[in-house]
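Below: the structure, in structure tokens.
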Amino acid sequence: MLRQVSRLLGRPIAAQQQVKMLAGRAFFSTDVPATPTEDSTFVESWKKLIPNIEPPKTPSAFMKPRPPPPSSIPSKLTVNFVLPYESVLSGKEVDMVIVPATTGQMGVLPGHVPTIAELKPGILSVHEGNDVTKYLLSSGFAFIHANSVADIIVVEAVPIDRIDQNLVQKGLAEFTQKLNSATTELEKAEAQVGIDVHSALNAALTG
Amino acid sequence: MASNAAVPFWRAAGMTYITYSNICATMVRNCLKEPYRTEALSREKVHYSVSKWVDGNPEKPSIRSDTSQE
């Protein structure tokens with residue numbers, strides 16, 4: 001009687017598995033199963049050698065697999081905008097952010113392809129409905145994940161109204177002059193960095 | 001795949017990313033309006049104690065406090 005119970009219980013699960021295989025989806029690396037994975041080669045070699053004792057769990061069995069991305073594109077982007085000393089935005093849902101990547105201004109919408117972008121000094125604008133909030137970033141990275149979460153990590157970020165115009169002009173002139181009088185490669189690079197940063201600050205004030 | 005091509009100018013000149021990033025942050029902090037500027041520059045202060053080791057023994061430690069203005 002008990003043997004029949006297991007046969008009856010076994011049938012519906014088999015039916016579900018067949019339906020999954022018939023769905024005909026290609027296997028992507030993002031389709032990770034929800035159950036914890038175990039290291040199959042280790043377990044097999046253990047069982048060959050020591051069949052009586054349960055194989056110990058390897059670190060990979062404790063790791064939570066990456067959750068699969070949602071099947072439909074979410075309507076809002078979740079942004080985590082953090083600085084070393086403060087998290088400016090933490091899990092905020094917005095419509096779009098424009099990040100200053102080294103390859104140019106990059107607009108990120110929900111459903112963006114997963115990207116890691118290095119940021120250059122420039123303006124980050126956060127668009128929420130009709131509001132646009134702008135911050136001037138010094139440098140950092142932007143990680144956009146498959147589930148429409150964007151992590152923007154920078155060293156220093158200021159709202160545009162905290163920038164002093166005179167100091168920016170003075171700095172720009174000073175670094176342009178340093179570039180002309182620089183001798184070593186390192187001094188030239190520092191002066192060039194100065195010019196880049198101050199031009200970005202200037203553009204933030206005027207743009 | 002571009003492996004060594006198109007290194008950024010600062011790396012070609014021997015600067016590491018951390019140095020570049022810290023220089024950018026210092027410059028941004030130097031261009032802020034007054035109350036924000038002093039509070040931001042105070043964020044960059046580093047306090048540490050240094051002791052030189054001679055023949056396996058530490059000498060008297062000295063406490064240093066450096067700001068980014070060098």
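Miscellaneous remarks
- Around the Cα centre of segment B:9-65, unit charges on the Cβ atoms of Lys, Arg, Asp and Glu (plus for the first two, minus for the last two) sum to a dipole of about 140 debye.
- Segment A:70-162 - percent relative contact order, Cα under 8 Å, separation 6 or more: 29
- Average partner coverage of A:161-170, which counts Cβ from other chains inside 10 Å: 4
- Comparing Cα centroids, segment A:150-207 and segment B:41-68 end up 30 angstrom apart.
- Projection of the Cα convex hull of segment B:9-65, averaged over all directions and equal to a quarter of that hull's surface, yields 6.2 nm².
- Shielding score for B:13-26, defined as the mean number of other chain Cβ atoms within 10 Å: 6
- Mean separation of Cα contacts under 8 Å (6+ apart) over length of segment A:165-206, as relative contact order %: 50
- Highest-MSF residue in chain B out of B:44, B:34, B:59 [GNM, Cα springs under 10 Å]: B:59
- Calculated over segment A:70-162: convex hull of Cα atoms, volume per residue (Å³): 82
- Modelled label positions at residue A:115 and residue B:54, each set 7 Å beyond Cα in the direction of Cβ, lie 5.8 nm from each other.
- Modelled label positions at residue A:43 and residue A:103, each set 7 Å beyond Cα in the direction of Cβ, lie 3.9 nm from each other.
- For chain B, built as a Gaussian network whose Cα springs stay under 10 Å, the top-fluctuating residue of B:51, B:42, B:21: B:51
- Shielding score for A:185-197, defined as the mean number of other chain Cβ atoms within 10 Å: 5
Here, each number is a calculation from the coordinates, and none is a lab measurement. These numbers come from a predicted model, not from an experiment. All Cβ positions, even for glycine, are placed from backbone atoms using ideal geometry, and neighbour counts span all protein chains on display.
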